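Visitor: Before anything else, here's the structure in question.
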Amino acid sequence: MRLARENGGQTIVIVGLCLTVLLGVVGLAIDVGWFELNLLRMQGAADAAALAGVVYLPGNLAGGLNAARAEATKNGYTSGTGGVTVTPQQDPINKQMMLVTIQGPVRTYFASLLGISTMQGIRSARAEFVLPVPMGSPQDYFGIASMCRNTDTPGSCPEVVSASGSGTLAPQGFWGAVETKGTDTSNGDAYSPYYNGNPTLNAAYDPNGYSYLIELPADATGGAVWIFDPIFCATGHRTTAPYQRLGTGDFWFSVGSTRNVTTEFKLWDMNGTPYSTTDDTLIASDGGLFSSMDYVDKGTNYKGDQNYGSGYTGSSSADCQSSPYHNAWWQLTSGLGPGEYRLQVTTRSGTTGQNAVNDFGIGITTMAGTGARVYGQSRMCAYVNFGTSPAVFYLAQVDAVHAGKTLEIRLFDPGDVANTTLRIKQPTTTGYANATFTFTATGSSGGAPVSGGPQTSLQTSNSTTTFYNNQWVTFTVQLPATYDAPTPSGETEPGWWKIEYTVGATGTQDITTWEVNIRGNPVHLVVQ
């Protein structure tokens, strides 16, 4: 009996020790679980902060840092409070990427009995903003072609004098363009027309039109925005080969009893968020100056064969030859300082009877500072007046940070000129090479394929049929991991790709909507 009583006492001691160990293990598990839960919360806050801040990059670093800190605070982590530090920073190599690190103490419960009151947690996130690529121009002007006159011999068309008046501008091969609301999309503008073949409505119709991004550098003063030939004034064809349209090439697709063309130009301050319009501030507009236009050029230089579209002779239209806005620069605004601005071009004509295209150019001048530029933002519509073949134009600037990604080029209604072949020209250190691509199309005619590749060229028409009329054609180019956005000899900026048209007949015109992007979610987290 005595031995049993002694063994029972030992059992109580052993059980007590086991319970202590067990409680310690359970307590440690609870603290570890609590710590892991807080690390998940910290990671979520870092992810949210990086995504909130990266949309301000690369142009507004201060705004991005503030937005990241504010988002971390919304999620319970305020730098400098309770031992927490929130550190947002721009990636030193990829300026379109933000890094956010959050660290801070996590309270313990059972471990505090052992003198460990907190455990230090740290989590980081990396987010990238894949910006829409600049399109159409590496220069301080956009959409400028040669000013052919009826009296000029082929190849000797005069060039446009710069908005500053100091010399002429090297032609870029196309004019900026916007078609009227009453036009059919089959004429080349994917977004401005209300119709996709009357009376079918255009599902892609966008009253917001097209936007062009203007960059004024940090040392710029007295910035001004100019529009070349903002007025609608229809011109004729040359009377000698090549039979291209004269001036900027405004013309009627069809002419009815109603002729009424309205084009609007508005300038917005983007307030450091170039790809969000919610906080844009309107700072200048044309004020209706180019509303209800029904003009033709009846002067010697630009009336040509006096066919202003669809055989219309202009007999019922006023003469715009003496207008200060025709074939001349008009200043939209001046006195701009450093920053990014958005020029919006829209049409406001009615849905019937106004079947025309208004072509224009854009110029930027500054009183001081260098490096100003203007380019298409996300999409653009261009009027190409083929005076030579092949014709080569700036397409888009693809930065080296996109190495290894997929470049997507979308063309709407491309190559309507007879016997046209398109090629995508990739920059190299020694010049330009034909890029290899695959393609898909939303439809075709004449037995043309709707997909194919890999290949380096695409025929879009023959002598009788335009294969992709009123269709989207998407070119996909896989950028190599070694892509470094080279600067070919003679170019002023790195990474500019081009597009080449080889056509069967010069003296013809084509209107195309262009879009270029890097495939993927524009704003996304990057695995570290």
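Visitor: If you average over every viewing direction, what projected area does the convex hull of the Cα atoms of the chain give, in nm²?
Guide: Computing the convex hull of the Cα atoms and averaging its projections yields 34.6 nm².
Visitor: With a Förster radius of 22 Å, plug the Cβ-Cβ distance of Thr476 and Ala400 into 1/(1 + (r/R0)^6) and report the FRET value to the nearest 0.05.
Guide: Efficiency computed from Cβ-Cβ geometry: 0.65.
Visitor: Right, next: So for each of 479-489, 452-462 I average, over its residues, the number of other beta carbons within 10 Å; can you give me the resulting order with the highest mean first?
Guide: Going by the mean number of other Cβ atoms within 10 Å, highest first, we get 452-462, 479-489.
Visitor: Using Cα centres only, tell me the gap between region 48-66 and region 314-355 in whole Å.
Guide: 35 Å
Visitor: Which angle from 0 to 90°, rounded to the nearest 10, does the C-alpha axis of helix 61-74 make with the longest principal axis of the chain?
Guide: On a 0 to 90 degree scale, this one is about 40.
Visitor: For a quick protection proxy, order the peptides 194-201, 245-252 by their average other-Cβ count within 10 Å, most packed first.
Guide: 245-252, 194-201
Visitor: Can you return the lysines within cross-link range of Lys298? Criterion is Cα-Cα under 26 Å, with same-chain partners fewer than 8 residues away left out.
Guide: Qualifying lysines at Cα under 26 Å: Lys181.
Visitor: Binned at 5 Å from 0, what are the whole-percent values of the Cα-Cα distance distribution for region 133-381, short to long?
Guide: Pair shares across the bins are 1, 7, 14, 18, 19, 17, 12, 8, 4, 1, 0.
Visitor: Right, here's the next one. Run the numbers for Thr487 and His524: contour at 0.36 nm per residue of separation, minus the present Cα-Cα distance, in nm.
Guide: My answer for the length gained is 10.5 nm.
Visitor: List the aspartates and glutamates whose Cα lies under 14 Å from the Cα of Lys95, skipping any in the same chain that are fewer than 8 positions away.
Guide: Correct list for Lys95: Glu128, Asp399.
Visitor: Which value, in debye to the nearest 20, describes the size of the charge dipole of region 103-183 about its Cα centre when Lys and Arg Cβ atoms bear +1, Asp and Glu Cβ atoms bear -1, and nothing else is charged?
Guide: For this selection, approximately 600 debye.
Visitor: With N set to the residue count of region 389-505, report its C-alpha Rg divided by 2.2 N^0.38 Å to two decimal places.
Guide: With N residues counted in region 389-505, Rg over 2.2 N^0.38 Å equals 1.08.
Visitor: If each residue of separation counts as 0.36 nm, what is the full-extension length gain between Ile122 and Thr352 once their alpha-carbon separation is subtracted?
Guide: 76.5 nm
Visitor: Next question. Can you grab the distance from the C-alpha centre of region 103-182 to the C-alpha centre of region 419-456, Å, no decimals?
Guide: Result: 25 Å between the Cα centres.
Visitor: Turning to a different aspect of this structure: Over all directions, the average projected area of the alpha-carbon convex hull for region 335-374 comes to how many nm²?
Guide: 4.1 nm²
Visitor: Additional query: Relative to a virtual label point 7 Å from the Cα of Thr81 in the Cα→beta-carbon direction, which members of region 30-60 show backbone nitrogen distances below 20 Å?
Guide: Output list for this probe position: 38-53.
Visitor: Here's another thing I want to ask about it. Go through Phe437, Gln459, Ala177 and say which Cα lies farthest out towards the positive end of the charge dipole of the chain; charges sit on Cβ, +1 for Lys and Arg, -1 for Asp and Glu.
Guide: Most positive-ward Cα: Phe437.
Visitor: With the dipole of the chain worked out from charges on the C-beta (+1 for Lys and Arg, -1 for Asp and Glu) around the Cα centre, which of Ile364, Gly311, Ala234 lies farthest toward the positive end?
Guide: Result: Ile364, furthest along the dipole toward the positive end.
Visitor: What FRET efficiency would be calculated for the residue pair Tyr243, Asn434, taking the C-beta separation as r and a Förster radius of 25 Å, to the nearest 0.05?
Guide: With a Förster radius of 25 Å, E is 0.25.
Visitor: Per the helix-only calculation at 222 nm, which mean residue ellipticity applies to the chain, given -39500 (n - 2.57) for every DSSP H run of n ≥ 4 and division by its residues, nearest 500 deg cm²/dmol?
Guide: -4500 deg cm²/dmol
Visitor: Full extension from Thr388 to Lys95: what is 0.36 nm times the residue separation minus their Cα-Cα distance, to one decimal in nm?
Guide: Between Thr388 and Lys95, full extension yields an extra 101.5 nm.
Visitor: Would you list which lysines come within 16 Å of Lys498, measuring only between C-alpha atoms, while excluding same-chain residues fewer than 8 positions from it?
Guide: Counting by Cα, and skipping residues close in sequence, Lys498 has these lysines nearby: Lys425.
Visitor: Now, a different point. Name the residue from Ala125, Val106, Gly272 whose Cα lies farthest towards the positive end of the charge dipole of the chain, charges +1 on Cβ of Lys and Arg and -1 on Cβ of Asp and Glu.
Guide: Val106
Visitor: Pairing the Cα long axis of helix 2-54 with the longest principal axis of the chain, what angle in degrees results, from 0 to 90 and rounded to the nearest 10?
Guide: 20 degrees
Laboratory data are not the source of any read-out in this text; all were calculated from the coordinates shown. Being a predicted model, the structure only gives us computed values, none of them experimental. All Cβ positions, even for glycine, are placed from backbone atoms using ideal geometry, and neighbour counts span all protein chains on display.
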